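Enquirer: Let me give you the structure first, and then I'll get to my questions.
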Amino acid sequence: MKKYEVMFIVKSAQESEEIKKTAETMKKIITDNKGRVTEFNELGEKKLAYPIKKEISGYYYVMNIEAENSAISELNRKALINENILRHLIIRLDEE
């Protein structure tokens, strides 16, 4: 399995329960596709550098995962579909 770092921003214009549910959904996508979340950090609400979809702030999350390409493809697909996620970034970490 390959190691990745995933960062995503969730809309802050909703209740905290809905924000946490969106973050848990992202984790569940990886575990359902035989991946493993090694680290999960909530960075909290931050002001965006520029408005994204008319939002000026968002909740930032970063997770380190170990997964196959199929799990990453599914995560990317679901993040693009999910209306609560403003932006996401998936970075493959180099093998050391």
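Enquirer: Given (1) in contact (Cβ under 8 Å) with a residue 40 or more places away in the chain; (2) surrounded by 14 or more Cβ atoms within 10 Å (Cβ to Cβ), identify the lone condition not met by MET1.
Expert: That leaves (2) as the condition not met.
Enquirer: Taking the stretch 54-78, which residues are surrounded by fewer than 16 Cβ atoms within 10 Å (Cβ to Cβ) and out of contact with any Lys or Arg (no Cβ under 8 Å at 6 or more places or on another chain)?
Expert: Result: LYS54, VAL62, SER70, SER73, ASN76, ARG77, LYS78.
Enquirer: Determine if the stretch 34-55 includes at least one residue that is assigned to a helix (DSSP H, G or I) and among the basic types (Lys, Arg).
Expert: So in the stretch 34-55, the residues assigned to a helix (DSSP H, G or I) come out as none.
So far as the stretch 34-55 goes, no, none of its residues is assigned to a helix (DSSP H, G or I) and among the basic types (Lys, Arg).
The numbers here are math on the coordinates, done by the rules we state, and not lab data. Predicted, not measured: the structure shown is a model, and the values here were computed from it. Ideal geometry is used to build each Cβ from the backbone, glycine not excepted, and the neighbour counts take in all protein chains shown.
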